[in-house]
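K.L.:
Structure in structure tokens, see below.
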Protein chains: 4
Amino acid sequence: MEVGFLGLGIMGKAMSMNLLKNGFKVTVWNRTLSKCNELVEFGASIGETPAQVVKKCKLTIAMLSDPAAALSVVFDKDGVLEQTGSGKGYIDMSTVDPETSSKISQAITSKGGAFLEAPVSGSKQPAETGQLVILAAGDKGLYEESIPAFDVLGKKSFFLGQVGNGAKMKLVINMIMGSVMNAFSEGLVLSERSGLNPHDLLDVLDLGAIANPMFKGKGPAMLKSNYSPAFPLKHQQKDMRLALALGDENAVSMPVAAAANESFKKARSMGLGDLDFSSVHEILKMTKD
Amino acid sequence: MEVGFLGLGIMGKAMSMNLLKNGFKVTVWNRTLSKCNELVEFGASIGETPAQVVKKCKLTIAMLSDPAAALSVVFDKDGVLEQTGSGKGYIDMSTVDPETSSKISQAITSKGGAFLEAPVSGSKQPAETGQLVILAAGDKGLYEESIPAFDVLGKKSFFLGQVGNGAKMKLVINMIMGSVMNAFSEGLVLSERSGLNPHDLLDVLDLGAIANPMFKGKGPAMLKSNYSPAFPLKHQQKDMRLALALGDENAVSMPVAAAANESFKKARSMGLGDLDFSSVHEILKMTKD
Amino acid sequence: MEVGFLGLGIMGKAMSMNLLKNGFKVTVWNRTLSKCNELVEFGASIGETPAQVVKKCKLTIAMLSDPAAALSVVFDKDGVLEQTGSGKGYIDMSTVDPETSSKISQAITSKGGAFLEAPVSGSKQPAETGQLVILAAGDKGLYEESIPAFDVLGKKSFFLGQVGNGAKMKLVINMIMGSVMNAFSEGLVLSERSGLNPHDLLDVLDLGAIANPMFKGKGPAMLKSNYSPAFPLKHQQKDMRLALALGDENAVSMPVAAAANESFKKARSMGLGDLDFSSVHEILKMTKD
Amino acid sequence: MEVGFLGLGIMGKAMSMNLLKNGFKVTVWNRTLSKCNELVEFGASIGETPAQVVKKCKLTIAMLSDPAAALSVVFDKDGVLEQTGSGKGYIDMSTVDPETSSKISQAITSKGGAFLEAPVSGSKQPAETGQLVILAAGDKGLYEESIPAFDVLGKKSFFLGQVGNGAKMKLVINMIMGSVMNAFSEGLVLSERSGLNPHDLLDVLDLGAIANPMFKGKGPAMLKSNYSPAFPLKHQQKDMRLALALGDENAVSMPVAAAANESFKKARSMGLGDLDFSSVHEILKMTKD
């Protein structure tokens, strides 16, 4: 199977490498073309522009850093739009907001192309080992054609319906995660302040009904006030804001998420925005002393 | 090793049976003595009063339904207090408040006996399979002597320091669990109301950083509005109230737990107190229609 | 002093009438021109288009129903923009969002005109009696020239700095008011449910440190579940959302406003959006029975 | 009319002086008897013990500093209980918890005496000027007999039903006040952080629907971070805790009060407990800088 791949950042490079190793023919493009070289060594071809990649491949995947890059690759000169059309499929796996996704979708489909948004859950390591979770939405036929690629890239893929649902699912997941992080931090502080050993709390939690990888992975670091950023607090808070806005549109009252969001905002105001989102723990710990 | 066992309710029966099957000599007592018969078939002896059990055994374990029963077994006529003393150990594994625990501890130790509070995490099934988590606090020496019994009863036991810490640890755990349940329910409602399939949400959650047994175990039932009570909402809410009171004593601000507590209170006011604590989901789902 | 007046709805009619009665020469315009007749009887002139009014008057005031109308009167054919310019002042007293206000401001000032946003606090009755509170922002010189008119229209006017600040001030005020309404409703429910007479609560409140016109005016109606809309709940909730968004931009954590907002959202989901914002009381009162 | 008066602290002295000035015959007692002298100059008699005062007067009023003092005056040797009985009325105007009040009530009434709890709203100045608000509950007949005294001491008195209701009413009032203070502080911070002048906010608030003495009285001081304690934050937070506990008993969900309580707790943890409760403003203002 032949695929195009646009964007060779940390994620894109790992993903396109996976495709190559699993027997796919891959034509890559990156804004800085030199980044393509390593992949060429493993058998990739190079496309000089997004348009050339789309012209050559029935199926093109993009993995870009932000909404601006996602739009540029489609709408700029020599962009995807110039060569898409009937029989062409375009899958944007970048994390973008629903508006960006809709805009790209409309442009592609109005030219006769098929579009899928497919943001992923998981970062560098799962990308390298093909263990991403893929949240696809848009053209069902294109989703089905793409399953061989998704099977290589992820441990599981979902088809979630219309364009926008991939982004929404990520917001809901991140909202729950943000509330859970606050619940966890509050518990750590309460244990310590009421004379328990918070390391015991971690051990007891890990044996119980709400044992989960995040408590296990982040708990010990949090007790050392180590918050090197896997997912920066300011991004977590932005996702909670967007999830709460989604709730507002649909008249869903979510008092716990709202309270968690205010603690994240307090953390931002105390200068913790660039640390890991687990640093909300510092806000809850804060005392006079 | 020989142990006494007071209280043969659902939990106590399973636990004493486990001890018997693992080669312990067990002398049992229950308020309704007929409940002892089944255990006698498996080799247990009967003590006619708590005092007789304590007289016979160096180590006595109690597993009673509530604080009133826990106090009665110790302080009433023919109670534990009449025979405890130097060389005797008493372990109360019932779930009681810190005050009850302290009262029993003082009475036992003033007679020269050794005391351990050891509430457990886990219900009927883990009790039967010896998979409880044991949160012991009080006499360190008694804890160490009791390890062979704890190894049979639980998958893991903790020694948490002074009497009261076992009860506190349970409160902290249950507080986190209650907040997490609210975060989860809010996410389920948001997904459904914004056009996603909440079953997809369950699947995606189960592949991610906050995957945990509670989401997996209760999620599908919640989506069917099935809330048969494993842990009644009114008890969960009581534990949150007590945990918040513990936070108040120690000036710990816990806005997410406070918001979760208010939703549980709303659920109580809507008549859901006797259902499972996951029924807070109904409050969050509630609309005009 | 001669002024133009655009928009003769409930508010605009009362305000232009006040100006006439206080000796101003007023040239009025309204989309449905027949609405001008009553004012002509009191001495007003008619302008056939917004442009004609601006051409004739150095100072033109607009009081329109919503952002769409505010934009249309300025930008459409025969609109304000065609005749504004150096020496002309335009004051928009409609309640609009900061973006609308900025858009109008830029258009007017780029033509050389002077602009003031001046939303008001107060509804029909204060408009009739000249008791509005005027929240002006934009051109300081124009504000000073307009003081004679503001003195007639309002009991007090404020100059708040740059364009946008008038709208922001309204949001902050409404946010506080929404939180206070929730605090009040919670207290009413608590009093009733704990065996007090909520009418006594109203009387005691009215003698104390937080006695205020809203408690006095709305309290008795709320106890009769009478929520005829002076300020619809859905608009109150929208203003809280916008105020919280303003807080988000500036990293201001506001947990009480966030909790109040979630109760208003719950009220919306229960179908109370078109009733008065005091109907959030129904949400807090809700029980099984 | 002749009354006894027990307790001559700041409040008690002002109140008994008022009674004297308005023609009442007053017999006073205070633990430190020398404090009685000033009142003797104005015509008061001295009772050497609480029992002697009660023996002499049909009606005795107490105004003591805390529950311990309120209990001591009744139950200790030479206390009220020794001389109360049929035909004697005892009015405790101290601020105590419902349990203390009930205990005193039961003791007095079991001896045949009549009892009224009558906590007041208002501090030193209203006590001096007879402008207290009196929240009486208990014996209706005694309430009616006491009206002449209450008319001197307060601007208004309420009879609220059974013993305990006076204390409950104070809790509800203080809960609302605490939430309103948080709403106000959040608004002040939002105004300042989003480029408005918070003094303008105070002025605009004072002209609107939620204008109240507390905003007017405390607002300017809060903007100068002046929090000299009229009502210490730790007492306000205790009252919110007790009001929330009352809500818990009655299954009343109060999310705004709960959020306000958590901010007050944060303030306590930051060492602000002894300052005025308006110092919660500092918590909300707190940033990195």
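The values are calculated or read from the model by the stated rules, or taken from the named source; none is laboratory data. Source: prediction; values computed, not measured. Backbone-built Cβ (ideal geometry, glycine too); neighbour counts: all protein chains shown. To get the accessible areas, we keep the full protein, side chains included, count just its heavy atoms, and leave off ligands, DNA and RNA. Shrake-Rupley method; radii C 1.70, N 1.55, O 1.52, S 1.80 Å.
K.L.:
Suppose we take every Cα in region D:41-175 and form the convex hull; what volume per residue is that in Å³?
P.N.:
Numbers: hull volume 14.6 nm³, N = 135.
So the per-residue hull volume is 108 Å³.
K.L.:
Still on this model: As a test of the formula, what do you get for chain C when each DSSP H run with n ≥ 4 contributes -39,500 (n - 2.57) and the sum is divided by the residue count, at 222 nm and rounded to the nearest 500 deg cm²/dmol?
P.N.:
Rounded to the nearest 500, the figure is -16000 deg cm²/dmol.
K.L.:
Report, to the nearest whole %, how much of the accessible area of region A:2-161 belongs to carbon and sulfur atoms, 1.4 Å probe, protein only.
P.N.:
Result for region A:2-161: 48 percent of the exposed heavy-atom area is carbon or sulfur.
K.L.:
Also, quick follow-up: Give me a single rounded figure for A:200-208: the average over its residues of other chain Cβ atoms within 10 Å of their Cβ.
P.N.:
Mean partner shielding for this stretch: 6.
K.L.:
If you rotate chain D onto chain B, whose Cβ in D ends up lying nearest the axis, and how many Å away is it?
P.N.:
Axis-proximal residue of D, distance in whole Å: D:258, 2.
K.L.:
Same structure again: Under the Karplus relation 6.51 cos²θ - 1.76 cosθ + 1.60, θ = phi - 60°, what is the ordered set of whole-Hz ³J(HN,Hα) values for region B:84-92, x standing for Gly and Pro?
P.N.:
3J(HN,Hα) across region B:84-92, in whole Hz: 6, x, 4, x, 9, x, 10, 10, 9.
K.L.:
So, one more: Tell me which residues come under 5 Å, amide H to amide H, from residue C:46 once H is placed; ignore anything under 5 positions away on its chain.
P.N.:
Here C:28 satisfy the definition.
K.L.:
Size of the dipole of the protein assembly as shown about the Cα centre, Lys and Arg at +1 and Asp and Glu at -1 on the beta carbon, nothing else charged, in debye to 20? Mind dumping the intermediate values first?
P.N.:
Values: 120 positive and 120 negative charges, 0 e Å.
With Lys and Arg at +1 and Asp and Glu at -1, about 0 debye.
K.L.:
Per residue of A:119-127, what is the mean number of Cβ atoms on other protein chains within 10 angstrom of that residue's Cβ?
P.N.:
Numbers: counts 0, 0, 5, 3, 0, 0, 0, 1, 0.
Partner-chain Cβ atoms within 10 Å, mean over residues of A:119-127: 1.
K.L.:
If you count, for each residue, the other Cβ atoms within 10 Å and average over each peptide, how do C:239-246, A:48-55 line up from highest to lowest?
P.N.:
Working: C:239-246: 22.5, A:48-55: 20.6.
Result, highest mean first: C:239-246, A:48-55.
K.L.:
Moving on. From the residues B:235, B:20, B:148, which one has its Cα farthest along the dipole of chain B in the positive direction, the dipole being from +1 and -1 charges on Cβ of Lys/Arg and Asp/Glu about the Cα centre?
P.N.:
The residue sitting farthest along the positive end of the dipole is B:20.
K.L.:
Between residue A:195 and the same site in the other copies, what are the distances in nm, shortest first, taking label points 7 Å from Cα along the C-beta direction?
P.N.:
Residue A:195 label point versus its equivalents elsewhere: 3.4, 5.3, 5.5 nm.
K.L.:
If we sort B:252-261, B:213-222, B:81-90, B:9-18 on the protection proxy, mean other Cβ atoms within 10 Å, highest first, what's the order?
P.N.:
Going from most to least packed, we get B:252-261, B:9-18, B:81-90, B:213-222.
K.L.:
Tell me, what is a quarter of the convex hull surface for the C-alpha atoms of chain A, in nm² with one decimal?
P.N.:
Spelled out: convex hull of the Cα atoms, projected over all directions, averaged, 16.7 nm².
K.L.:
Something else: Please turn the phi angles of region B:62-77 into ³J(HN,Hα) values with the Karplus equation 6.51 cos²θ - 1.76 cosθ + 1.60 (θ = phi - 60°), one per residue in order, whole Hz, x for glycine and proline.
P.N.:
Result, ordered by residue: 10, 9, 10, 6, 7, x, 4, 5, 4, 6, 4, 5, 8, 9, 5, 3 Hz.
K.L.:
On to the next question. May I ask you to evaluate 6.51 cos²θ - 1.76 cosθ + 1.60, the Karplus curve with θ = phi - 60°, for each residue of region B:257-269 and list the ³J(HN,Hα) values in order in whole Hz, giving x for glycine and proline?
P.N.:
Result, rounded to whole Hz: 4, 5, 5, 4, 4, 5, 5, 5, 5, 4, 4, 4, 5.
K.L.:
Interface size between chain A and chain B, please: total buried accessible area, 1.4 Å probe, rounded to the nearest 100 Å².
P.N.:
Chain pair A/B: roughly 4800 Å² of buried accessible area.
K.L.:
Provide the packing ranking of D:160-171, A:19-30, i.e. peptides ordered by the mean count of other C-beta atoms within 10 Å per residue, highest first.
P.N.:
Descending mean neighbour count gives D:160-171, A:19-30.
K.L.:
Please report Rg (one decimal) and Dmax (integer) in Å for the Cα set of region C:167-285.
P.N.:
Over region C:167-285's Cα set, Rg and Dmax evaluate to 14.2, 44 Å.
K.L.:
Now for a different question. Skipping prolines and chain starts, which residues have an amide H placed within reach, meaning under 5 Å, of the one on residue B:157, given they are 5 or more residues away or on another chain?
P.N.:
Counting only residues 5 or more places away or on other chains, the set is B:134.
K.L.:
Another question about this same structure. When each copy gets a label point 7 Å from Cα toward the beta-carbon at residue A:31, what are the spacings between them in nm, shortest first?
P.N.:
4.5, 7.3, 7.5
K.L.:
Counting only other chains, and only Cβ atoms inside 10 Å, what mean value do you get across the residues of A:276-286?
P.N.:
Numbers: counts 0, 0, 0, 0, 1, 0, 0, 5, 7, 2, 6.
Mean inter-chain Cβ contacts per residue within 10 Å come to 2.
K.L.:
While we're here: So how long is each side of the protein assembly as shown along the principal axes, counting just the alpha-carbon atoms, biggest first, in Å?
P.N.:
Principal-axis extents of the protein assembly as shown (Cα, largest first): 92, 87, 49 Å.
K.L.:
So the label point sits 7 Å from Cα along the Cα-to-Cβ vector; using that for residue B:245, what distances do you get to the other copies, in nanometres, sorted shortest first?
P.N.:
So the label point of residue B:245 gives 0.7, 4.3, 4.3 nm to the other copies.
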